[in-house]
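I have placed the structure first, in the form of structure tokens, so that the comments after it can refer back to it.
The values are calculated or read from the model by the stated rules, or taken from the named source; none is laboratory data. Remember, predicted model here, so these are calculated numbers, not experimental data. Here the Cβ positions follow ideal geometry from the backbone for every residue, glycine too, while neighbour counts run over all protein chains shown.
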Amino acid sequence: MPPTPSILTSVSGRARIAGAWLLLLVPGTIAIAGFDDPGIDSVPSFNREIRPILARCLACHGPDAAARKADLRLDQRGEAIGDRRGGAAIVPGDPAASSLLTRVLSRDPESVMPPPGAGTPLDHEEIRILERWIAAGAPYETHWSWVHPEASPPPPSVEGSWAIRDLDRYVSAAHRDAGVSPNPPAELAIACRRVSLDLVGLPPSPERLREVIALAGRIGETAAYEAFVDELLLDPAFGERWARVWLDVARYADTRGYEADRRRTMWPWRDWVIRAFNTDLPYDRFTIEQLAGDLLPEVDEDAVLATAFHRNTMTNDEGGTRDEEFRIAAVTDRVNTTLTAWMGLTAECAACHDHKYDPISTEEYYRLFAFFNTTQDADRNDEQPLLAYLSHPDRIRREGLEAERRVLERNRIRVALAAGSRTRESTDATGIPPGRVPLLADVRPPAVIAGDGLVADDFPWDDTVEPPPGWHRARRIDAGPDTFRQHYIEDFAPSARPVIQSGDRLEVWVRIDPRNPPAAVMIQVRATDGDWEHRAYWGESDFPWGEEGTGSRRRLGGLPSGGEWASLVFDPRDVDLASGVGIIGLACSLQGGSDGGGAHFGPVSIVRADGSPPAWSRDADSWITAEAEVGGRHLSATLRAAVLAGDERDPDATTLLQSHWAATVRPSGIAASRPSRAELERVKVAAAAIEDLAIEVPVLREQAEEDRRRTHVLQKGDWRSPGRPVIPGVPAFLHSIAPGDEIGADRLDLARWIADERNPLTARVHVNRVWERLFGRGLVETQEDFGTQGVPPRHQGLLDHLARRFMDEGWSHKALCREIATSATYRQSSAASPEVRAEDPDNDLLARGPRFRLEAEALRDSALAVSQRLTTELYGPPVFPPQPDGVWQVVYSGDQWSTAVDEDRYRRGLYTFWRRTAPHPAMLTFDAGSRETCSVRRIRTNTPLQALVLLNDETFVEAAGGLALISTPAGDGSRDLVLRDAFRRALSREPEDAELDVLRELHRREETRFRERPDAVARLLEAARIDATDGRDPAGLAAMVVVCNVILNLDEFVTRG
């Protein structure tokens, strides 16, 4: 602080303040306040003038109770003006009595504020502002961003016709107050290039520009320009451009982060974001689905996929790490990212202590933490929970097959029921060959299918193969090389349990796959006289069960011939099954040979001269009784409930069971519905093929109620030091989340709270983000911080107007973009004289159009677009364009970058594979981050490395080659025409004579050099991926590659202005 005048050094505090006024009369002294001050009658704004001064005090006298000194808060008026032993810090209307000013002016190091070494002392101007404010009554104001935008005044009245949109009226009023005039509109071609780069991230083609200019000649420039903007809003590239912005916010990457930084499948979520922007998904819905799509009552796959937003957190799969520690780190990141992305709040410090500047306590931080603390993910290597996600075309195909399946299933039931009606009175139309007692035939008997992963809750019936004579279905088994697979059932219902009788034979039908026969097939029986110790097999086997040559494992012959059904009949005594023994389990087993093997198994049955079908296959009530005995285990939930209802079963449930039995269990129904089942099998196979295309993506899923974690305040942010428990909740300084019901609040409630129109921050933050992308700087420069330490808005009325309009327009991102892009403010020329730039270097007054360098992805995409090498394919897995060798030499990972050689080489930048520990170096050079954490803005830099990238990076050299090819016609043509064409394609305008002279001379000099060095020609054309010159002069074409490389390096190309 400058030396205090000596007159202030020896007087008391009250006299010291009064003496400061006397200084106004002393020539040569520094005025602290003055009657001749033009602003002496105005009251300083608390938010704009006082709060930034007091901010230096709040680390010790602010919201953080643990760090608060002298129990004094200066951020709340009631605390600041309260009575204290040494007098109130602020006495409204009496600066001399205010101890705050006494301490600020003190020369005593023991009492001066801020204390020596604790911050920058206040200067005289700041002290004067404080004094005026206190004299005016020390009025406090709620921080501007905590107040809803509705509180701002409507658009001001302005004169003249310059304003096109309401937002222009705010800007025009600012011009009037500052005494400046706006720039004229930019030339139409330049305006179209600007808005195209801003809305879709690509420059317009020369052909499209000619169409717009021609249209302007008919309907006027404004109408033609707005029609062009409307086309851009419908361009699929719009979604790609704005998704790129959101990927930084969401810390999207294709890897997990940390040490090995292994791959992770997240790109389907990136594609969801592109679709969301292209379909103009309302921003409130965009918010809710990403934060809690899995909890929506009308949840679908897309809504669940959206929650991958918060699975972009890093996962540490390094050996020896503690999963819980990094799970806590992920949840912490979700809290911080949510507040920064949607509300512009920096809450990270509140994880350890109360926020020192904004009203967010540590307890409130962990109440927010509680919303995210009950998801199922837990820093596991398997990335669970996962969503098996299908693309939109595949889902449409699946839905079509499902509709077809429902029709076929209804037809199957109708045919089966009709067949039952025709055969009800017939005694010989049972649908089972005579003399057979089925054990495992055309339908699952009332028994339990063992827990084999192959069969799950049913057998793999194959209705596409012709069944054995007299039967109606078969089952397929396939085994890998030297492995065993089987179908088996056990625990036959007691009322349905078969018993071996004297003279019985056992029969099994087998159809060996002729193209890939197994080594052996086996039948195993579990009987009431023991366990699974009754086995017969055919072929050459190495089955591990039983003792060879005994009833526990007896070979009864070789494999039957392949390609046709064979009936294998044997005496039960061959496997030690005596008369009177009951059968309680049966297995059909297969052993693969050296190449695996496959076979169909038909029915297994008892051959008995007077045998008859079991009661459960002839009578619905018997089947219901038997199924009840095994708990209806393999029935649907509805059927199982009906079976288990017993005597309490109502008539509707009885009818349901009888209909199911008639259509699905009764042999005659199975026989009649075989054609329908074959069609159903075809549909099932097709649907399974589609399901195999599903991609597993990490998503959010809530824990079951009984597994829910309890949330505690983590003392000093340490996951090992849980403190008092907390329930989900939100900061008290904002609107309520769910009045009277916070105990039951969940992530969906939080998402709706954030997207609530009562929230003063959400709409402002998004509007500001869009403004920053279109003007280079947000109305609030600190996009990440709308709190008290952030930079206040330059035009708050304008920001609030756009926020209100954004909500009124249904949270439409496209409507917001159109509103800004078609405004007179946006359309201004960016030209400015040195005097204007010196007076308003940052364009705070918005009196000229925005001009700034393109971001990394847009630079690359633009170079590829003007060279006609850009691949415009939407969506899909990440790609691997050229990058320098060795970038991926990561410890503990042998993963390699496989450079694309096909069209993937030229996909848009947002599809480039993103590895957190080694992002593409060209992206980093042009200010992209690692995406380990949320980033809401990229700080633009200007370094020599950037020019080297544009000159030497493979992609830019190849883009120069493409531009040279399309600008140079076969047979070469006029050099000036070629140079003009390349310039026009890149910059959307004609070159001036002086510019053309420079390009002409460059081309001449390079052509001369290349004619002397044909080896250099070959190397450059190869580097530019020009495989054939097609009649063009090689040296001239190489020279043109150099010229195009220079054009793509021009400031005008890398800048949108």
Checklist line | Of all residues making up region 672-700, the number that are surrounded by 17 or more Cβ atoms within 10 Å (Cβ to Cβ), over 19 Å from Ala403 (Cα atoms) and charged (D, E, K, R) | finding: 1
Item checked: helices (runs of 4 or more DSSP H) fully within region 52-126 counting 1 or more residues that are acidic (Asp, Glu) -> 77-80
Check: Just one of the numbered conditions (1) closer than 13 Å to Val525 by Cβ; (2) at pLDDT below 95; (3) crowded, with 19+ Cβ neighbours inside 10 Å is not true of Ala578; which one?
Finding: (3)
Next item on the list: Please determine, by comparing only the residues of region 217-239 that are small (Gly, Ala, Ser) and crowded, with 19+ Cβ neighbours inside 10 Å, which one is nearest to Ala186 (Cα to Cα).
Entry: Ala224
Checklist line | One residue from Arg176, Arg208, Arg193 being crowded, with 22+ Cβ neighbours inside 10 Å, basic (Lys, Arg) and part of a helix (DSSP H, G or I) | finding: Arg193
Item checked: Test: residue in region 948-965 that is surrounded by fewer than 23 Cβ atoms within 10 Å (Cβ to Cβ), of a type in the set (Gly, Ala, Ser) and either outside any loop (DSSP other than H, G, I, E, B) or in contact (Cβ under 8 Å) with a residue 40 or more places away in the chain (or both) -> no
Note to self: Tell me whether region 849-863 contains one or more residues that are over 18 Å from Gly201 (Cβ atoms) and either more than 24 Å from the chain's Cα centre (by Cα) or of a type in the set (S, T, N, Q) (or both).
What the structure shows: yes
Check: Do any helices (runs of 4 or more DSSP H) lying entirely in region 969-1040 carry at least 1 residues that are in contact (Cβ under 8 Å) with a residue 60 or more places away in the chain, of a type outside the set (Lys, Arg) and surrounded by 13 or more Cβ atoms within 10 Å (Cβ to Cβ), and which ones are they?
Finding: 975-987, 1014-1023
Check: What number of residues within region 713-727 are surrounded by fewer than 12 Cβ atoms within 10 Å (Cβ to Cβ) and either touching a helix residue (DSSP H, G or I) at 6+ places or on another chain (Cβ under 7 Å) or not assigned by TED's automatic domain parsing to the domain that holds His353 (or both)?
Finding: 1
Item checked: Index of the failed condition, Val836 passing every other in (1) buried (at least 21 other Cβ atoms within 10 Å of the Cβ); (2) of a type outside the set (D, E, K, R); (3) outside any loop (DSSP other than H, G, I, E, B) -> (1)
Item checked: Residues (part of a helix (DSSP H, G or I) and among the aromatic types (Phe, Trp, Tyr)) located in region 907-927 -> Tyr911
Next item on the list: Collect the residues in region 571-615 that are over 20 Å from Arg555 (Cα atoms) and in a helix (DSSP H, G or I), keeping them in residue-number order.
Entry: Ala615
Margin query: I'd like the residue in region 891-906 that is of a type in the set (Ser, Thr, Tyr) and part of a loop (DSSP other than H, G, I, E, B) and, out of all such residues, is farthest from the chain's Cα centre (by Cα).
Written below: Tyr892
Margin query: Criterion first (of a type outside the set (S, T, N, Q), under 23 Å from Val180 (Cα atoms), in contact (Cβ under 8 Å) with a residue 60 or more places away in the chain and in a loop (DSSP other than H, G, I, E, B)) does Pro793 satisfy it?
Written below: yes
Margin query: Among the residues of region 55-69, are any of a type in the set (A, V, I, L, M), over 30 Å from Lys716 (Cβ atoms) and touching a residue at least 40 places away in the same chain (Cβ under 8 Å)?
Written below: no
Note to self: Which of the strands (runs of 3 or more DSSP E) found entirely inside region 432-529 contain at least 1 residues meeting this: under 43 Å from the mean Cα position of the chain (by Cα) and over 27 Å from Ala628 (Cβ atoms)?
What the structure shows: 475-479, 484-490
Next item on the list: Output the residue which, of all residues in region 278-322 that are closer than 18 Å to Leu386 by Cα and charged (D, E, K, R), is surrounded by the fewest Cβ atoms within 10 Å (Cβ to Cβ).
Entry: Asp300
Notebook entry, point to check: Would you pick out the residues in region 814-833 that are assigned to a loop (DSSP other than H, G, I, E, B), touching a residue at least 40 places away in the same chain (Cβ under 8 Å) and out of contact with any helix residue (DSSP H, G or I) (no Cβ under 7 Å at 6 or more places or on another chain)?
Noted result: Ser829, Ser830, Ala831, Ala832
